[in-house]
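The structure appears right after this line, and notes come after that.
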C-alpha cells in the first residue's frame, strides 16, 4: 500500500474532535509501562507514520510537537492502534530516555495511597538538562 | 485521612477541562494491558474513590457511567494516578470480563500493519449478551 493510501486508511478511522485533535496514549512496547498521554492532529498522525518518530500536537503552543526534538527524548513508533470508537489512539513506542518533562520515566508518578496523593517515582535525569527552561519537548 | 480530605487532595491536583472532564486511561494492574480510555468528572472521581468501582462520565449520555452497571463488566480500582500536568488520570484496575463494548478484552483491537488498519483481536464474548442494544456499559 502506498503511504497516501495508508494515511487515508488510518485517518478515516480516527474521529478527531471539534479542535481536530485525538488523544494518544504512549505505552512502552515491551514493558507495558504507560508513559504519557498527549494529543495528535491529522498532520501529526501522518508525520508519525511517515517518520516512525512520534509527533504530537501541542495545545499550549498550538503547533506540531516532535517529541524529543528539543530534549533528545525521542519516541520511536512500534505500532499505532485505534480504539473501537476511533476517538483514542494507543501508540506502542520505544522511549529514548524519559517521557516526562520532569525527568521521570513516565508522567504518572503521583498516586493516591492511603487517601493522600504521593510521589512514587523520582526524576532519573535533571529536567533542566532536558529543556533549558521549556516545559515540554 | 478522612474521605473528604482525601477527595480534596486528589481533586485539587486534577485540571478538569472546560467541560469539567479529564481523560482517564484504564490499565489492567497486573498485566499492563491498556484496556480503554474514557472521561471522568469530579463526581465520577469522587464516586470511584469512595466505592472502589470505576465510574466514568459518558459524554454521549451526559451522565455518570458506572462501568459494568449494565454489562456486569466492572472495573475494580487498584490505584489512581495523576500525571505531571494533572490533566490525565491513569487507573490501575482489575477488569471483570471484557472492557470493550464489542466484547473484546480491550478497545485497541485495530492496528496499523503494513500500511493497513487490521483487527488484531476477536470478541471473546457476544456483545449482544452484554448490553441488549446499548453501546456502552
Note to self: What distance in nm separates the two pseudo spin-label positions at residue B:79 and residue B:15, each 7 Å out from Cα along the beta-carbon direction?
What the structure shows: 2.4
Item checked: For the B-to-A rotation axis, chain B residue with nearest beta carbon and its distance in angstrom -> B:32, 1
Check: For residue B:52, which inter-copy label distances result when the label point lies 7 Å beyond Cα on the Cα-to-Cβ vector, reported in nm to one decimal and in ascending order?
Finding: 4.7
Notebook entry, point to check: Using a label position 7 Å from Cα in the Cα→Cβ direction, what is the ascending list of nm distances from residue A:119 to the same site in the other copies?
Noted result: 4.7
Next item on the list: When a/c is below 1.5 the answer is rounded, else prolate if a/b is larger than b/c, else oblate, so apply that to the stretch B:72-135 with a ≥ b ≥ c taken from the square roots of the Cα gyration tensor eigenvalues.
Entry: oblate
Next item on the list: May I ask you to compute the full-extension gain from residue B:116 to residue B:31, defined as 0.36 nm times their residue separation minus their alpha-carbon distance, rounded to one decimal in nm?
Entry: 27.9 nm
Next item on the list: Can you figure out the FRET efficiency of residue B:124 with residue A:8, using R₀ = 22 Å and their beta-carbon distance, to the nearest 0.05?
Entry: 0.10
Note to self: Tell me the relative contact order for the stretch B:14-137 as a rounded percent, counting alpha carbon contacts under 8 Å between residues six or more apart.
What the structure shows: 23
Check: residue A:29 label points, 7 Å along Cα→Cβ, one per copy: pairwise distances from this copy to the rest in nm, shortest first?
Finding: 3.0
Margin query: As a test of understanding, state the convex hull volume per residue of the protein assembly as shown from its alpha carbons, in Å³.
Written below: 127
Next item on the list: Under a 10 Å cutoff between Cα atoms, tell me which one of A:54, A:124, A:34 has the largest fluctuation in the Gaussian network model of chain A.
Entry: A:124
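None of the figures in this text is laboratory data; all of them are computed from the coordinates on show. Computed from a prediction, not measured in an experiment: that's the story for all the values here. Cβ coordinates were reconstructed from backbone atoms using ideal geometry, including for glycine residues, and neighbour counts include every protein chain displayed.
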